[in-house]
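Participant: To start, I am sharing the structure in question, which I have written as structure tokens.
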Amino acid sequence: MSATNPFSSAFELQRTMIDQSRRAMETGIDAQRAAMETWFDSFESAKSVQKSGVTLSKSAVHAYLDGMKTVFPEESVAELEAAVDEQFEAADEIHEDAWQSFLEGLDEAETTYDEMTEMQLEMLAEGFDAFEQLQSDAAETTEEVVASAEELAESA
């Protein structure tokens, strides 16, 4: 655009605002993605903490049963201890199966989320590209109109 075109600075300001808006939206989506990734990753830690809690409970029950051996006949406590171990083994299996199933579902959800985020970024880029093209076309048309007006003014 010519230096005398009064619309030049307005279009330049508009281009700057479009670019900043685009970058802000992309940054926001990247921040959401990072937060979701952290959230998805946190479940492995939760599984570990839960398993540690079960192990601690098992240790506490065994310590209690060891104390009972000093008071009751060892055979009767051994039967109780075997039953407790059997229940903890069953709980461990259920725990592992449940977590495995949950984490598999979580992996699928994370994949779906990533795909949706990519689509969102693509649509955002397409939208901003189209908007920038419209803005560029408008600036070009305005420049042509201003140039024509200047020529008419000079010839009059």
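Participant: Against the definition (farther than 30 Å from Glu118 by Cα and open to solvent by less than 60 Å² (accessible area, probe 1.4 Å)), how does Val61 come out, yes or no?
Facilitator: Here the answer is yes, as Val61 does meet what is asked.
Participant: Of the conditions (1) over 30 Å from Arg15 (Cα atoms); (2) in a helix (DSSP H, G or I), Glu118 clears all except one; give me its number.
Facilitator: So the condition that Glu118 fails would be (1).
Participant: For Ser52, only one of the following conditions fails: (1) part of a helix (DSSP H, G or I); (2) within 30 Å of Glu126 (Cβ to Cβ); (3) of a type in the set (S, T, N, Q). What is its number?
Facilitator: (2)
Participant: Have a look at Leu103, Leu124 and point out the one that is under 22 Å from the mean Cα position of the chain (by Cα) and more than 24 Å from Ile29 (Cβ to Cβ).
Facilitator: After ruling out the rest, the residue left standing is Leu103.
Participant: Against the condition out of contact with any Asp or Glu (no Cβ under 9 Å at 6 or more places or on another chain) and either within 30 Å of Leu106 (Cα to Cα) or outside any helix (DSSP H, G or I) (or both), how does Ala91 come out, does it pass?
Facilitator: yes
Participant: Quick check on my filter: what residues within segment 31-58 are under 14 Å from the mean Cα position of the chain (by Cα) and open to solvent by 70 Å² or more (accessible area, probe 1.4 Å)?
Facilitator: Within segment 31-58, Gln32, Glu37, Thr38, Trp39, Asp41 qualify.
Participant: Could you tell me whether segment 123-132 includes any residue that is surrounded by 14 or more Cβ atoms within 10 Å (Cβ to Cβ) and among the acidic types (Asp, Glu)?
Facilitator: yes
The values are calculated or read from the model by the stated rules, or taken from the named source; none is laboratory data. Just so it is clear, the structure is predicted and the values come from calculations on it, not from any experiment. Here Cβ is always computed from backbone atoms with ideal geometry, including for glycine, and neighbour counts include all displayed protein chains. Each accessible area value is taken on the protein alone, full model and side chains, heavy atoms only, with ligands, DNA and RNA left out. Shrake-Rupley method; radii C 1.70, N 1.55, O 1.52, S 1.80 Å.
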